[in-house]
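> First, the structure itself, so that you have it in front of you.
Coordinate-derived values only; no laboratory data. Every value quoted in this text rests on a predicted model; they were computed, and no experiment measured them. Here the Cβ positions follow ideal geometry from the backbone for every residue, glycine too, while neighbour counts run over all protein chains shown.
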Ligand code: PMP
């Protein structure tokens, strides 16, 4: 068996231990004679799996009792619609546009009400996070929306915006469980799990209970109503059973590693290795202003598209895969999520040094 260093932005690298455990349990989950893929979501065995997953996530993130945890489908993109449908009581919301995913959420919200762009970093190709300390947020806005870590552009909110008392909604798809969070600062935290948490097919929504009501926009599908999902403990219909099971294993792995404080330290260490190299390199350079750099997604360029392509090709041949930048940005991007070992980043940097010497 030979595993590569996988720098994909998502679906992305998962802890090897988790994959191995899932492989061991594939044919016979703990003596019940079947795979988790084959069992009823109403069975006692599965009930334990989903309940334990939720309990471990609550533990890891220190989620207060007045928040619900929902395991849903439809990806993060479906939440772009679900959020306004459930929360836009006044038909108004403020969006901070820091990249393509925030923009998509903003455009989707416009279909349901008055979505107002209150800040943007589009003027400099989303290479920074705008100052959000004193935004002009409409008094009657139902919520303020951010994409907390911008997967494509490699920026991260290091400080949450001043929402001026409005509910904060955050897409944390690409920084989920990468560091501790104060859940109480948010009304809704949600993310697709396929980057830091598990396989594609599950989206986790952590939502304050008072935001879960029957008062949703007319025409909201039953499945998209948070109340439907919350009342049924994510089992209104068949959930993405196997994906939730893997997420549960990742939660246990994170707890074993020491929790989110430890993950933060590890992620800072890993990112520093790469950023320090980029900051002194004569060939490669990072594209994000230092203060807003993501710990998870690190875009960089040589400034020459042909050389970028040569780098990606040679890196792939050397076992460093999925380094090609997003199609809208070009260059390279190394996604170094929780499960990427430090050694993977060190070896990538050694490879980059060698490439720099050879191509100076
Ligand atoms: N938000 C962010 C920050 C993302 O990175 C992505 C996917 N890369 C999405 C939303 C969309 O996720 P999904 O494909 O699960 O709809």
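> Can you pull out every residue in region 128-151 that is part of a loop (DSSP other than H, G, I, E, B), within 16 Å of the ligand (Cβ to nearest atom) and either farther than 20 Å from residue 87 by Cα or touching a residue at least 40 places away in the same chain (Cβ under 8 Å) (or both)?
Within region 128-151, 129, 151 qualify.
> Looking at (1) crowded, with 24+ Cβ neighbours inside 10 Å; (2) within 16 Å of the ligand (Cβ to nearest atom); (3) within 20 Å of residue 122 (Cα to Cα), which is the one condition that is false for residue 161?
Unmet condition: (2).
> Something else about it: From the set of residues in region 1-30 that are over 19 Å from the mean Cα position of the chain (by Cα) and farther than 17 Å from residue 252 by Cβ, which is surrounded by the fewest Cβ atoms within 10 Å (Cβ to Cβ)?
1
> Having 1 or more residues that are over 21 Å from residue 144 (Cα atoms) is the bar; report the helices (runs of 4 or more DSSP H) wholly within region 1-116 that clear it.
In region 1-116, the matching helices (runs of 4 or more DSSP H) lie at 16-24, 44-61.
> How many residues are surrounded by fewer than 20 Cβ atoms within 10 Å (Cβ to Cβ), touching a helix residue (DSSP H, G or I) at 6+ places or on another chain (Cβ under 7 Å) and not in a helix (DSSP H, G or I) if we restrict to region 309-323?
Qualifying residue count for the region: 1.
> Among the helices (runs of 4 or more DSSP H) contained in region 193-305, which hold 1 or more residues that are more than 30 Å from residue 49 (Cβ to Cβ) and in contact with a strand residue (DSSP E or B) (Cβ under 6 Å, 6 or more places away or on another chain)?
By residue number, 260-280.
> Could you please tell me which pairs satisfy a Cβ distance under 6 Å, a separation of 6+ or placement on different chains, a first residue in region 84-99 that is over 11 Å from residue 110 (Cβ atoms), and a second residue that is within 16 Å of the ligand (Cβ to nearest atom) and part of a helix (DSSP H, G or I)?
Final answer for the pair search is 85/224; 97/103; 97/106.
> Right, another one. Tally time: how many residues in region 96-107 are surrounded by 20 or more Cβ atoms within 10 Å (Cβ to Cβ) and either closer than 17 Å to residue 78 by Cα or more than 16 Å from the ligand (Cβ to nearest atom) (or both)?
Total meeting the criteria: 4.
> For residues that are within 16 Å of the ligand (Cβ to nearest atom) and more than 27 Å from residue 184 (Cβ to Cβ), tally how many sit in region 33-72.
0
> Continuing with the same structure: Which of the residues spanning region 152-192 are part of a strand (DSSP E or B) and within 18 Å of residue 249 (Cα to Cα)?
Of everything in region 152-192, those that are part of a strand (DSSP E or B) and within 18 Å of residue 249 (Cα to Cα) turn out to be 191, 192.
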